[in-house]
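The values are calculated or read from the model by the stated rules, or taken from the named source; none is laboratory data. Here the structure is a predicted model, which is why all the values come from computation and not from measurement. Glycine also receives a Cβ, built like all others from the backbone with ideal geometry; neighbour counts cover every protein chain displayed. Quick note on the areas: whole protein, heavy atoms, side chains included, nothing else; ligands and nucleic acids left out. Shrake-Rupley method; radii C 1.70, N 1.55, O 1.52, S 1.80 Å.
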Amino acid sequence: MNKNEIRTFALEDVAIRELEGQEAGESRVITGTAIVFNAESEVLDENGVKFREVIKPEAAQMAFLNTQDIKLNLLHSRNDTIGRSRMGRGNLHYSVDGRGVNFEVEVPRCDLGDRALEMVRSGVYTGCSFEFIPDKYDVQERADREVLVTHTRFKRI
């Protein structure tokens, strides 16, 4: 577990935030939740080992996030970046609450930005994933040879 991991949460909360005074469809702001705290992931499978993961709140606090170079990519493609927060600065903004890490991005006026907006508006994109390198975690064996991995610190997001 010392490599980049990608996790997806089945969320139905990625949306376009309409700004006051704008007509419907004019907003270029996408909002959502990127990391959910204290919730078990779907069953994952790595080399035949079935496991679930839980992200604890201490793994992704603002002080840590503000040291990261976080990119918002379409479908994990590093060539399709629509948002970025480099050490807390950029067009990608995030906040942490009791539920998890939320984000807001004003997408650029370009083919990628237009595509992202249309995919969210049409309901094709309904959730988020995030990529990380784990640092501190606990492993607990469960029934049916399933394992629960609880992350308490990341090396990088």
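Annotation for segment 29-63 versus segment 108-148: alpha-carbon center distance of 8 Å. Shown here: volume of the Cα convex hull per residue in Å³, derived from the displayed model; of the candidates [x] 123; [y] 191; [z] 136, it corresponds to [x]. Each peptide in 73-83, 28-38 receives the mean, over its residues, of other Cβ atoms within 10 Å, and ordering these scores from highest gives 28-38, 73-83. Heavy-atom surface analysis with a 1.4 Å probe gives segment 96-147 a carbon and sulfur content of 43 percent of its accessible area. Normalised Debye scattering of segment 30-72 at q = 0.14 Å⁻¹ gives log10 I(q)/I(0) of -0.48, counting only Cα atoms as equal scatterers and leaving out solvent.
Full extension of the chain segment joining Val147 with Met62 gains 27.7 nm, where the gain is 0.36 nm per residue of separation less the Cα-Cα distance.
For segment 73-157, averaging the sequence separation of C-alpha pairs within contact (under 8 Å, six or more residues apart) and dividing by the residue count gives a relative contact order of 17 percent.
Secondary-structure-derived ellipticity at 222 nm for the chain, considering helices only, amounts to -2500 deg cm²/dmol, per-run term -39500 (n - 2.57) for DSSP H runs with n ≥ 4.
Averaging the sequence gap over all C-alpha pairs within less than 8 Å and six or more residues apart, then dividing by the number of residues, gives the chain a relative contact order of 32 percent. Give the angle, between 0 and 90 degrees and rounded to the nearest 10, that separates the Cα long axis of helix 111-121 from the longest principal axis of the Cα atoms of the chain. With both axes taken from Cα atoms, the answer is about 70 degrees.
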